[in-house]
1. Please pick out the residue among Val72, Val57 that is hydrophobic (A, V, I, L, M, F, W, C), open to solvent by 90 Å² or more (accessible area, probe 1.4 Å), at pLDDT 85 or above and within 22 Å of the chain's Cα centre (by Cα).
2. Determine whether segment 101-111 contains at least one residue that is within 14 Å of Arg63 (Cβ to Cβ) and surrounded by fewer than 14 Cβ atoms within 10 Å (Cβ to Cβ).
3. Please work out which residue is surrounded by the fewest Cβ atoms within 10 Å (Cβ to Cβ), limiting yourself to segment 88-100 and to residues that are part of a helix (DSSP H, G or I) and modelled with pLDDT under 90.
4. Could you check how many residues of segment 42-63 are in a helix (DSSP H, G or I), under 18 Å from Leu106 (Cα atoms) and touching a residue at least 24 places away in the same chain (Cβ under 8 Å)?
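The values are calculated or read from the model by the stated rules, or taken from the named source; none is laboratory data. Bear in mind that the values here come from a model prediction, so they are computed numbers and not experimental data. Note that we place each Cβ from the backbone using ideal geometry, even for glycine, and neighbour counts take in every protein chain shown. The area values use the complete protein model at the heavy-atom level, side chains included, leaving out ligands, DNA and RNA. Shrake-Rupley method; radii C 1.70, N 1.55, O 1.52, S 1.80 Å.
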Amino acid sequence: MADQDPELQAIRAARLAQLQKQSGGSSNAPGGGASDPEAAEKRKQEDEMRRDLLATVLDSSARERLSRISLVNPSLSKQMESILLRMAQSGQLRSRVSEEQLIGLLEQAEAAQAKAAPKTTISYQRRKVYDDDDDDFDI
């Protein structure tokens with residue numbers, strides 16, 4: 001059984017490395033304390049670049065609408081930001097996106113989600129019980 005310990009350790013190390021790669025790293029990894037502030041700084045810079053690019057792509061009313069959407073539905077807001085950034089990077093946007101154009105994009109995203117996952121409906125089946133008020137005795 002002592003022969004399997006190095007193999008087991010190698011398997012565990014490989015699996016740990018794979019999980020860390022998938023999750024973007026972990027602070028409990030050896031030497032992870034030094035890279036954690038670096039990763040936070042990098043994330044902060046990416047968020048700042050994302051905000052700056054969105055500020056150049058969206059006009060003020062569209063930016064306000066997107067910020068209100070992020071308060072209500074953060075995942076939808078992130079999805080729309082990603083779509084807008086991808087469109088800007090690929091050159092599909094010729095001018096700033098107005099609020100009406102943002103609404104159109106939101107409707108397109110909603111339609112695409114409706115096609116992907118059909119809306120669930122709830123049907124009620126009520127029991128047909130004989131209920132006669134004549135059985136009530138007035139005293």
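1. None of the other options fit; the residue is Val72.
2. Within segment 101-111, one or more residues are within 14 Å of Arg63 (Cβ to Cβ) and surrounded by fewer than 14 Cβ atoms within 10 Å (Cβ to Cβ).
3. That would be Ser90.
4. Of the residues in that region, 4 qualify.
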